[in-house]
Structure formats: structure tokens, C-alpha cells
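Worksheet: one structure, shown below.
The values are calculated or read from the model by the stated rules, or taken from the named source; none is laboratory data. Being a predicted model, the structure only gives us computed values, none of them experimental. Here the Cβ positions follow ideal geometry from the backbone for every residue, glycine too, while neighbour counts run over all protein chains shown.
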Amino acid sequence: MSTNEWPLWEVFIRSKQGLNHKHVGSLRAPDAEMALQNARDVYTRRSEGISIWVVQSALITASDPADSEAYFEPSDSKVYRHPTFYDLPDGIEHM
Amino acid sequence: METLTQEKLAEKFQAKIDADIKIEPNDWMPDTYRKSLIRQISQHAHSEIVGMLPEGNWITRAPSLRRKAVLLAKVQDEAGHGLYLYSATETLGVSREETIDDLHSGKVKYSSIFNYPTLSWADMGAIGWLVDGAAIMNQVALCRTSYGPYARAMVKICKEESFHQRQGYEIMSTLMNGTEAQREMAQDAMNRFWWPSLMMFGPSDAESKHTEQSMRWRIKRHTNDELRQSFVDASVPQAELIGLKIPDPNLVWNEARGHYDFGAIDWEEFWQVVGGNGPCNKERIEARVKAKEEGEWVREAAMAYAKKHKS
Ligand SMILES: [Fe+2]
Ligand SMILES: [Fe+2]
């Protein structure tokens, strides 16, 4: 009955106020409401969270790990984006 | 040309493993690595799920409300562990339903320990203390396994397991402080669960066909015999402290090795149970198949409801 298999959802949890939601795993559920309820039962049995997001896995677009070297190269080669690239005269301790 | 690329990819893959860089779902991996992981993680998932049955047997008969609440929470955790692991299996490209059907058809196994019956309340103590204890030994090592989703599931599982073993030991220790009959009940559970717990670590290193490759891929981080030895070393003093006897006349501290020596495991029994001839194999699979079949209409109705409300 694979056509009837419940869709897969990715679960994101905010562990406390002030922090981002973080991916914690996935689960299967027929709809968003059930996905939320299941996420609460499966991923927060020990006060791990104060807020949950669920997103259908099929809706996520991801970068391809096979291309990751070329894809992220522009950020690796621009050392001048980091403060350590710059020379400061002696006497300046904090900037 | 094509084979050269495959070789290069395999080389890069092994280099990542050797550098302890985790492998993630969409990364290139050898087919055999994927297959080994699917086997190992799904076996682990099934063990969590089937493992709920022997303990579920005692929930309604727990001796106090406290014990009942604890046992319920523990069994619920095991369901959660099964779910984390089914999700991890799915990241390798197999469907959950296929995975579950492989359990039901007997194609994929679960831990042989769950094919033993739970005859008395003391068995809840022996299982929590020894069976979860053995599982923890294995799972702590797996927190550093090379496949990212598996390692992350293990970290979460290990955090949750810590009370499982304690509640079991507490049951044993309470019984050992009780009446003569209670002490006998605890010792009887110990006698029945000790050897099957040692078998949980799997065949000896010499006999284990997957160990070598699994170690090279860092799917496994310690051999079966290493983990079994750590388990014996940890459990003996715990048993002695509460007055339980280890049912092994050959158990003796070996000063030179710095470990306990222990008697030979009855591997014939192990293979019999793995092969389907344990006391409860049939009952366990029947219970799982029944749960799937009788839940079918619920899953269908939920899906139909979701589709209807989408439009
Ligand atoms: Fe577990
Ligand atoms: Fe457990």
C-alpha cells in the first residue's frame, strides 16, 4: 500500500527563547496538524522544546553535496572578508 | 573512465571516514556501505519496537503506581527510539513500509533477547538493568559511528536510556532487600537473563562476518567481544553489591588481564533463537503483524481525511 504511505516531515525545534529552530529529525504523518502532534510526542518528551516547526520533506530544496567544493569556493577564497586579513598599526589593541 | 571515477569516489569516501568526517544522506557512498547500514540500522529499529512487547506484558501488573508510570515512560521511549531509527533508515533510500515488511517476513532480524518470555515482575528489573545495560554499552560506542543520521539518533537515544538501566537496577535492588521469596524471584530472573544478555553482543569476533568491514567503515567502533567484556566487567560488581549471584561457575577476576574471565557462551542456543526457534519468536512477529494489519484502516482514514481537507 505504498501509495498510501504517509508523507515524510522534517522537524525543527526551538529549544528555548532566543535560539533558532534546529533540525532534529523526521517523521511520517498524514497532515501538518498530526505531524506537529507526533513531533511533540517523538522529539520533546523531556522538555527539549518550546516551539516546533514541521515542513514536508518533499518541499525542501537542497544544495548538491557532490558540487559542494565548487559551490562554496567563492567564500573560501575571499580572505579579505575576515578581520584577520587587515594589518593594524601597533598600539591598536581592540578593533 | 567510469570505473576510474568510481575508484576515485571510493578513495575519497574512505579518506573522509579515516578523518572522522561524518557521511551525510546525499553524499556519495559505496553501495555495500549503504546496504550494511540499512541492515544494521533497521535491525536496531526493529529491536526497539519488538523490545516493547516483553515489557508491555507487565504494565498492567506493575506492583505500584510509581512502577507503572516508570515502565510506561520507558516503553514509550523505546517506541521513540524505533521511530528515530526508522527515519535514519529512510535517509538511505528505503521506504519505511518496506523496512517494516522485511521484519514481518523474517528477512531482517531483531535482537534475539526479545524472544525470551517475561515470567515474573523481577524480569522487568533484569531487563532494565541487564538488557538495557548491554544495549547502552553498544549504543554509547555508536554515538561516534560514521553515518551522520545514525550517530545523531544514537546521541539522543543514549540520553534517554540512562534512566532505563537505573530503574531496572532499582527494581532488582528493592527485591533483594525484600522477603526470601522476592530475593528468589530476582535471582531467578538473573539466572534466565544473564546468558541471553551476553549473547546480545553477537557472535564472537572470530565468527562475526561483518565486523572487519564495519570497523573499517567505522559503522562499528568496537568489536562484539570487546563490548561483551566491558559489560561483564561493569555488571559483576553491581550484582555483588545487591547480593545477586552470576550464574556462571567459571566467572573469576583475572588480575593479569584486568578483566573478568567468564564461561563459554552456548552459541547453539544463540543460533537457534536467531534462526526463529526461541521461546517467543512466533508470538513477537505475530503481534507486530497484527498491529500493522489492524491499524491499516486508521492510517487509510487519516490519509483520506488529510486529502479531503487539503482541497
Ligand atoms: Fe531503546
Ligand atoms: Fe531502553
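In table form, for the structure just shown:
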{"read-out": "Filter result for residue B:151 (in contact (Cβ under 8 Å) with a residue 40 or more places away in the chain and crowded, with 24+ Cβ neighbours inside 10 Å)", "value": "no"}
{"read-out": "Of residues in segment B:15-39 being in a helix (DSSP H, G or I) and surrounded by 15 or more Cβ atoms within 10 Å (Cβ to Cβ), the one farthest from the chain's Cα centre (by Cα)", "value": "B:16"}
{"read-out": "Residue in segment B:109-131 that is in contact with a His (Cβ under 9 Å, 6 or more places away or on another chain), of a type in the set (Lys, Arg) and farther than 29 Å from residue A:47 by Cα present", "value": "yes"}
{"read-out": "Segment B:40-98: number of residues that are touching a residue at least 60 places away in the same chain (Cβ under 8 Å), closer than 18 Å to residue A:29 by Cβ and over 16 Å from the mean Cα position of the chain (by Cα)", "value": "2"}
{"read-out": "Residue within segment B:160-180 that is within 16 Å of ligand 1 (Cβ to nearest atom) and either over 22 Å from residue B:121 (Cβ atoms) or in a loop (DSSP other than H, G, I, E, B) (or both) present", "value": "yes"}
{"read-out": "Given (1) in contact with a strand residue (DSSP E or B) (Cβ under 6 Å, 6 or more places away or on another chain); (2) in contact (Cβ under 8 Å) with a residue 24 or more places away in the chain; (3) away from chain B (no Cβ under 12 Å); (4) not small (Gly, Ala, Ser), index of the condition residue A:11 fails", "value": "(3)"}
{"read-out": "Cβ pairs under 7 Å, 6+ apart, first in segment B:127-144 and more than 14 Å from residue B:48 (Cβ to Cβ) and in contact (Cβ under 8 Å) with a residue 60 or more places away in the chain, second within 11 Å of ligand 2 (Cβ to nearest atom) and part of a helix (DSSP H, G or I)", "value": "B:129/B:165; B:129/B:168; B:133/B:165"}
{"read-out": "Output for segment A:56-89, where each listed residue is within 17 Å of residue B:26 (Cβ to Cβ) and in contact (Cβ under 8 Å) with a residue 12 or more places away in the chain", "value": "A:57, A:58, A:60"}
{"read-out": "Check on residue A:77, hydroxyl-bearing (Ser, Thr, Tyr) and within 13 Å of chain B (Cβ to nearest Cβ)", "value": "no"}
{"read-out": "2 or more residues surrounded by 23 or more Cβ atoms within 10 Å (Cβ to Cβ), within 16 Å of ligand 2 (Cβ to nearest atom) and away from every other protein chain (no Cβ under 14 Å): qualifying helices (runs of 4 or more DSSP H) within segment B:77-143", "value": "B:122-126, B:132-142"}
{"read-out": "Those residues of segment B:99-117 which are closer than 13 Å to residue B:46 by Cα, touching a residue at least 40 places away in the same chain (Cβ under 8 Å) and away from ligand 1 (no atom under 15 Å from the Cβ), in sequence order", "value": "B:99, B:100, B:102, B:103, B:104, B:106, B:108, B:109, B:112, B:115"}
{"read-out": "Boolean, residue B:26 is of a type outside the set (Phe, Trp, Tyr), modelled with pLDDT under 95 and either within 15 Å of ligand 2 (Cβ to nearest atom) or farther than 25 Å from residue A:44 by Cα (or both)", "value": "yes"}
{"read-out": "Verdict on residue B:146 being more than 14 Å from every other protein chain (Cβ to nearest Cβ), in contact with a strand residue (DSSP E or B) (Cβ under 6 Å, 6 or more places away or on another chain) and farther than 19 Å from residue B:164 by Cα", "value": "yes"}
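For (1) under 30 Å from residue B:225 (Cβ atoms); (2) within 14 Å of chain A (Cβ to nearest Cβ); (3) under 27 Å from the mean Cα position of the chain (by Cα), each residue gets a yes or a no:
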residue	(1), (2), (3)
B:255	yes, no, no
B:260	yes, no, yes
B:272	yes, no, yes
B:277	yes, no, yes
B:281	yes, no, yes
B:286	no, no, yes
B:303	no, yes, no
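Here is a yes/no grid of residues against (1) out of contact with any Gly (no Cβ under 9 Å at 6 or more places or on another chain); (2) in a loop (DSSP other than H, G, I, E, B):
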residue	(1), (2)
B:184	yes, no
B:193	yes, no
B:198	yes, no
B:203	yes, yes
B:208	no, yes
B:214	yes, no
B:219	yes, yes
B:226	yes, no
